[in-house]
Amino acid sequence: MPIVFIIGTAGSGKSLFTAAFSEWLKMSKQDVATVNLDPGVLKLPYSPDVDIRNYVDVGNLMEKYGLGPNGALILAADLIADEIENVAKDIDAANADLVIVDTPGQMELFAFRASGPYIVNELTKEPKALVYLFDAVFSVNPMNYVSNMFLSAAVYNRFFQPQVYLLSKCDLLPKKEIDKIADWSADPKALENSIEQLEDPKRLFSRNMVHAIRQLGLRFMLIPVSAKTNQGLNNFNTTLERILTGGEKYTY
Ligand SMILES: Nc1nc2c(ncn2[C@@H]2O[C@H](COP(=O)(O)OP(=O)(O)OP(=O)(O)O)[C@@H](O)[C@H]2O)c(=O)[nH]1
Ligand SMILES: [Mg+2]
């Protein structure tokens with residue numbers, strides 16, 4: 001069964017998007033399973049079919065090793081790799097046609113330690129994709145947007161898997177602003193224009209960053225979505241189906 005990993009900076013909307021998209025798929029009778037890979041999360045907006053917290057307990061780690069919350073989270077992020085067989089077994093038992101994986105809150109614990117790429121590579125040999133969330137409220141500033149592009153390129157460099165780019169929480173901005181951010185992803189010149197209009201002396205550096213990214217050949221279209229209004233889910237799903245199944249539905 002194909003697997004999609006939801007990734008993004010802390011608070012970018014990974015968990016709520018996992019909830020909204022899985023519910024939306026279920027409404028169209030698609031057979032989907034959700035996986036929580038965040039060992040530190042206390043409350044989730046969905047009931048995961050597979051939950052890493054059954055195997056890795058951050059509270060226990062703090063007690064057992066005398067760690068603070070951050071140290072325990074780092075240890076937990078490393079330990080989830082040891083549980084990959086259990087997670088794979090639970091995913092198999094869920095017997096769905098598509099698996100959505102909600103990754104740990106702090107992206108660096110997943111993307112920039114050894115366990116994340118190991119899990120993505122080893123969990124399945126079936127088609128997979130990463131979904132990278134750009135938080136719309138953060139990305140509305142062109143320099144923040146450029147920083148996020150760089151982060152997403154760094155994530156791509158770690159996983160080397162097909163990556164889909166979402167503009168999350170787009171219900172929080174006026175349509176005009178959302179269109180502007182989407183334009184930046186479609187047209188680097190539009191992004192450069194917005195950067196040039198800034199008074200900020202840092203804009204020269206941002207402009208050079210845009211050039212560097214263009215040289216990497218990383219071109220992508222941001223898909224605006226909202227986990228509150230379900231806007232953009234159809235569009236996103238079509239893109240995902242194309243990548244994971246060559247355009248077929250997951251469930252017939
Ligand atoms: N308005 C609005 N709020 C959202 C949306 N998605 C997420 N949020 C809110 O943003 C906050 C963070 O959302 P989460 O889904 O927990 O984000 P996350 O990336 O899983 O966060 P961590 O795992 O804690 O790093 C919550 O208060 C959500 O209610 C959205 O589409 N629209
Ligand atoms: Mg989360």
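The values are calculated or read from the model by the stated rules, or taken from the named source; none is laboratory data. Model, not experiment: these values are computed from the prediction. Counting neighbours? That spans all protein chains shown, and the Cβs are built from the backbone with ideal geometry, glycine included.
So the values come out like this:
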read-out	value
Residue ID - farthest from ligand 2 (Cβ to nearest atom), chosen from residues in the stretch 2-32 that are in contact with a Pro (Cβ under 7 Å, 6 or more places away or on another chain) and either assigned to a strand (DSSP E or B) or under 19 Å from Gln231 (Cα atoms) (or both)	Ala19
Some residue of the stretch 43-53 being hydroxyl-bearing (Ser, Thr, Tyr) and within 13 Å of ligand 1 (Cβ to nearest atom)	yes
Positions within the stretch 178-204 being under 21 Å from Gln163 (Cβ atoms) and in contact (Cβ under 8 Å) with a residue 24 or more places away in the chain, in sequence order	Ile178, Ile181, Ala182, Trp184, Ser185, Ala186, Pro188, Leu191
Meets criteria (more than 16 Å from ligand 1 (Cβ to nearest atom), in contact with a helix residue (DSSP H, G or I) (Cβ under 9 Å, 6 or more places away or on another chain) and at pLDDT 95 or above) for Phe150	no
Residue list for the stretch 17-36, filter: more than 11 Å from the chain's Cα centre (by Cα), within 12 Å of ligand 1 (Cβ to nearest atom) and more than 19 Å from Asp92 (Cβ to Cβ)	Ala19, Ala20, Phe21
Residue in the stretch 205-222 that is touching a residue at least 12 places away in the same chain (Cβ under 8 Å), under 19 Å from the mean Cα position of the chain (by Cα) and in a strand (DSSP E or B) present	yes
Given (1) modelled with pLDDT of 95 or more; (2) of a type outside the set (Gly, Ala, Ser); (3) surrounded by 13 or more Cβ atoms within 10 Å (Cβ to Cβ); (4) more than 14 Å from ligand 2 (Cβ to nearest atom), number of the condition Asp57 does not satisfy	(1)
So Lys89, is it of a type in the set (D, E, K, R) and within 11 Å of ligand 2 (Cβ to nearest atom)	no
Candidate set from the stretch 7-53 (those that are among the small types (Gly, Ala, Ser) and at pLDDT below 95); member that is surrounded by the most Cβ atoms within 10 Å (Cβ to Cβ)	Gly40
Cβ-Cβ under 8 Å pairs, at least 6 apart or on other chains, the stretch 59-72 side within 12 Å of Pro39 (Cα to Cα), far side of a type in the set (Val, Ile, Thr)	Pro69/Val58; Ala72/Val58
Unmet criterion (only one of (1) closer than 26 Å to Ala20 by Cβ; (2) touching a helix residue (DSSP H, G or I) at 6+ places or on another chain (Cβ under 7 Å); (3) not in a loop (DSSP other than H, G, I, E, B)) for Leu61	(1)
Filter result for Val120 (more than 16 Å from ligand 1 (Cβ to nearest atom), closer than 22 Å to Leu25 by Cβ and not aromatic (Phe, Trp, Tyr))	yes
